[in-house]
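The values are calculated or read from the model by the stated rules, or taken from the named source; none is laboratory data. The shown structure was predicted, so the numbers you read here are calculated from the model rather than taken from an experiment. As a convention, Cβ positions derive from the backbone with ideal geometry for all residues, glycine included, and neighbour counts pool all protein chains shown.
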Amino acid sequence: MRVVFIGPPGAGKGTQSQRLLKYLNVPHISTGDLLREAVKARTREGLLAEQYMNEGKLAPDPIIIELVGKRLEKPDCLHGCLLDGFPRTLGQARALDDYLYDRGIPLDGVLELKVDEEVLIKRLAGRGRTDDEPEIIHQRFAAYREQTEPLLEYYQEQGLLETIDGVGAADEVFERIRTALDRLEDRAWQH
Ligand code: ADP
C-alpha cells in the first residue's frame with residue numbers, strides 16, 4: 001500500500017508509524033528523518049533546510065520535492081511506502097499526485113492522526129528535542145494549521161482521507177488505524 005500519514009507535532013505519528021511499517025511491510029519515507037540526515041551530512045538540501053527547521057518553519061517545497069523524489073526512485077518503494085510528514089503543503093501534494101500519475105501508480109489513502117492542540121502542547125513539553133522549545137513549537141503548530149491542514153480537504157475531496165482519533169493508549173490508537181486501513185483497502189478494491 002501507498003499511504004500518507006499526516007498529523008500535527010506530537011500527535012504520536014512516530015510511535016504509530018513504527019507499528020504501521022511493520023504491519024504494512026513497506027519502507028518508511030519520513031521527510032523529517034531525511035532532512036535531519038541531510039543536515040548531518042551537510043548536503044546541499046541539508047544546508048538549505050537547516051535554518052527553516054531550527055525556526056520551526058517548513059523547508060521550501062523544491063528542496064522537499066527533490067529529496068522525496070530521489071527516495072521514491074529507489075527500488076524498495078516499488079510496491080508501496082509510508083509517507084510520513086510529506087506532503088505538508090498543497091504544492092507538495094500536487095507534486096506527489098503528478099509524480100504518481102506519471103508512473104501510473106495510485107495513492108491508496110491518507111491517514112490523519114487527530115489530537116487537540118492543548119493535549120499536544122503538554123505532550124511536547126516532555127520531549128526535549130531542540131525544535132520542541134515553546135516558541136518553536138508555536139511556530140510548528142502555525143505551520144501545520146496554515147500550510148498542512150488545507151491538505152485534509154484536498155484529500156477528502158479525492159475520497160482518500162481517514163481521520164483517526166489520536167487520544168488513548170498507543171495500542172488503542174493503532175487498532176483504529178488498522179480499521180481505517182481496512183476501509184481504505186475496501187475502497188481501493190471498488191475502484
Ligand atoms: P514534526 O512532525 O514533529 O514537526 P518532523 O521530524 O516531521 O517533525 O519535521 C521536522 C522539521 O523538518 C519540520 O519542522 C520542518 O522544518 C522540516 N520538514 C519536515 N518535513 C517537511 C516537509 N514535508 N515540508 C517542509 N518541511 C518539512
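Within segment 60-71, none of the residues are closer than 26 Å to D116 by Cα and surrounded by fewer than 20 Cβ atoms within 10 Å (Cβ to Cβ).
Scanning segment 120-150 for residues that are within 13 Å of the ligand (Cβ to nearest atom) and of a type in the set (K, R), which turns out surrounded by the most Cβ atoms within 10 Å (Cβ to Cβ)? Once the filter is applied, the top-ranked residue is R140.
Residues are listed down the side, and each one gets a yes or a no for (1) closer than 28 Å to I121 by Cβ; (2) in a helix (DSSP H, G or I); (3) in contact with a helix residue (DSSP H, G or I) (Cβ under 6 Å, 6 or more places away or on another chain); (4) not assigned by TED's automatic domain parsing to the domain that holds V119:
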position	(1), (2), (3), (4)
L152	yes, yes, no, no
Y155	yes, yes, no, no
E162	yes, no, yes, no
G168	yes, no, no, no
E175	yes, yes, no, no
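Looking across segment 1-51, the residues that are under 19 Å from T148 (Cα atoms), within 14 Å of the ligand (Cβ to nearest atom) and aliphatic (A, V, I, L, M) come down to V4, I6, A11, I29, L34, L35, A49. Restricting attention to segment 29-51, the residues that are buried (at least 18 other Cβ atoms within 10 Å of the Cβ) and within 11 Å of the chain's Cα centre (by Cα) total 3.
Being away from the ligand (no atom under 12 Å from the Cβ), of a type outside the set (F, W, Y) and within 12 Å of the chain's Cα centre (by Cα) holds for only one residue in L78, L82, L72, and it is L82.
Please verify whether E175 is surrounded by 12 or more Cβ atoms within 10 Å (Cβ to Cβ), modelled with pLDDT of 95 or more, on the phi < 0 side of the Ramachandran plot and among the charged types (D, E, K, R), treating the condition exactly as stated.
In short, yes.
Every test in (1) under 25 Å from F174 (Cα atoms); (2) out of contact with any Lys or Arg (no Cβ under 8 Å at 6 or more places or on another chain); (3) in contact (Cβ under 8 Å) with a residue 40 or more places away in the chain is passed by T130 save one, and that test is (1). Of all positions in segment 52-60, at least one carries a residue that is farther than 21 Å from E149 by Cβ and at pLDDT below 95.
The combined condition, being more than 20 Å from I29 (Cβ to Cβ), in contact with a helix residue (DSSP H, G or I) (Cβ under 6 Å, 6 or more places away or on another chain) and assigned to a helix (DSSP H, G or I), is fulfilled by I137.
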